Amino acid sequence: MDASDPVGAARRDAAIRDAIAEHRSRDGALLPMLHAIQDAIGFVPGDAVAAVAEALNLSLADVHGVLSYYHHFRHEAPARHRVALCRAEACLAAGGDALLEHAQATLGCQLGERRADGALELEAVYCLGLCANAPSALVDGRPRARVDADALQRIATECGVGGAKEQQS
């Protein structure tokens with residue numbers, strides 16, 4: 001598979017066609033269609049915007065507006081791993097700011113960014129419902145409670161990015 005096209009054009013095109021075919025006749029089809037595309041390939045590519053707009057007789061601006069409004073939708077292929085730190089009040093009160101600083105150093109990227117090697121992206125999430133076990137995170141969609149420096153080191157190792165302890169040696 002071409003590194004510049006991690007999803008593959010044929011798979012991407014098929015996902016777009018399938019989502020359009022499955023949802024085109026539904027009332028309020030836009031969101032289910034966009035979700036189906038992202039569920040199939042991990043993001044909603046630019047070429048899907050025109051296809052979806054045409055299928056639903058919407059303007060490109062209408063489709064782009066929905067994609068940009070909902071933070072859930074991705075516009076590029078996701079990193080291999082996603083670490084989302086809770087930035088809600090309970091997690092902040094339990095050391096969330098210090099945890100964020102440590103995560104950025106340990107994981108090798110800033111909040112809202114991905115590592116240059118595409119291995120991991122670090123995102124914010126606002127409340128995971130684990131307030132009694134703060135601070136918390138999601139790692140590849142799985143919740144983690146009571147995240148501390150040692151847990152971040154384990155997360156880095158699980159995601160294959162080494163971490164601060166390995167980078168120092």
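Each row is one residue, and each column tells you yes or no for (1) of a type outside the set (A, V, I, L, M); (2) closer than 30 Å to residue 131 by Cα.
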site	(1), (2)
42	yes, yes
51	no, no
70	yes, yes
80	yes, yes
83	no, yes
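Taking the stretch 68-90, which residues are among the hydrophobic types (A, V, I, L, M, F, W, C), at pLDDT 95 or above and in contact with a helix residue (DSSP H, G or I) (Cβ under 8 Å, 6 or more places away or on another chain)?
So in the stretch 68-90, the residues among the hydrophobic types (A, V, I, L, M, F, W, C) come out as 73, 77, 79, 83-86, 88, 90.
From what's left, at pLDDT 95 or above: 83-86, 88, 90.
Scanning the stretch 68-90 gives 83, 85, 86, 88, 90.
Just one of 144, 114 is under 21 Å from residue 76 (Cα atoms) and buried (at least 18 other Cβ atoms within 10 Å of the Cβ); which is it? Lay out the reasoning, then the answer.
Details: 144 fails: under 21 Å from residue 76 (Cα atoms).
That would be 114, the only listed residue that is under 21 Å from residue 76 (Cα atoms) and buried (at least 18 other Cβ atoms within 10 Å of the Cβ).
Just checking, which of 9, 77, 50, 21 is surrounded by fewer than 20 Cβ atoms within 10 Å (Cβ to Cβ), over 29 Å from residue 146 (Cβ atoms) and touching a Phe, Trp or Tyr at 6+ places or on another chain (Cβ under 7 Å)?
On the way: 9 fails: touching a Phe, Trp or Tyr at 6+ places or on another chain (Cβ under 7 Å); 50 fails: touching a Phe, Trp or Tyr at 6+ places or on another chain (Cβ under 7 Å); 21 fails: touching a Phe, Trp or Tyr at 6+ places or on another chain (Cβ under 7 Å).
Of the residues listed, the single one that is surrounded by fewer than 20 Cβ atoms within 10 Å (Cβ to Cβ), over 29 Å from residue 146 (Cβ atoms) and touching a Phe, Trp or Tyr at 6+ places or on another chain (Cβ under 7 Å) is 77.
Select from the stretch 53-74 the residues that are more than 16 Å from residue 28 (Cβ to Cβ), loosely packed, with under 13 Cβ neighbours inside 10 Å and not polar (S, T, N, Q) and list them in ascending order.
Listed by number, the residues that qualify are 54, 60, 61, 71, 72.
Residues that are in contact with a strand residue (DSSP E or B) (Cβ under 6 Å, 6 or more places away or on another chain) and touching a residue at least 40 places away in the same chain (Cβ under 8 Å): find the strands (runs of 3 or more DSSP E) completely inside the stretch 59-169 holding 3 or more of those.
Details: elements: 81-86, 120-125, 137-139, 142-144.
It comes to 81-86, 120-125, 137-139.
Taking into account only those residues within the stretch 20-55 that are free of Cβ contacts under 8 Å to residues at least 24 places away in the same chain and among the hydrophobic types (A, V, I, L, M, F, W, C), which is nearest to residue 121 (Cα to Cα)?
First, the residues of the stretch 20-55 that are free of Cβ contacts under 8 Å to residues at least 24 places away in the same chain: 21-23, 25-28, 32-33, 35-37, 39, 49-50, 53-54.
Imposing the further condition that a residue be among the hydrophobic types (A, V, I, L, M, F, W, C) reduces the set to 21, 33, 36-37, 49-50, 53.
Working: 21: 32, 33: 25, 36: 22, 37: 21, 49: 24, 50: 28, 53: 29 Å.
By that ranking, first place goes to 37.
From the list 14, 103, 29, exactly one residue is surrounded by fewer than 15 Cβ atoms within 10 Å (Cβ to Cβ) and hydrophobic (A, V, I, L, M, F, W, C). Which is it? Walk me through it before giving the result.
Values: 103 fails: surrounded by fewer than 15 Cβ atoms within 10 Å (Cβ to Cβ); 29 fails: surrounded by fewer than 15 Cβ atoms within 10 Å (Cβ to Cβ).
Sole residue among the options that is surrounded by fewer than 15 Cβ atoms within 10 Å (Cβ to Cβ) and hydrophobic (A, V, I, L, M, F, W, C): 14.
The values are calculated or read from the model by the stated rules, or taken from the named source; none is laboratory data. Quantities reported herein were computed from a predicted structural model and do not represent experimental measurements. All Cβ positions, even for glycine, are placed from backbone atoms using ideal geometry, and neighbour counts span all protein chains on display.
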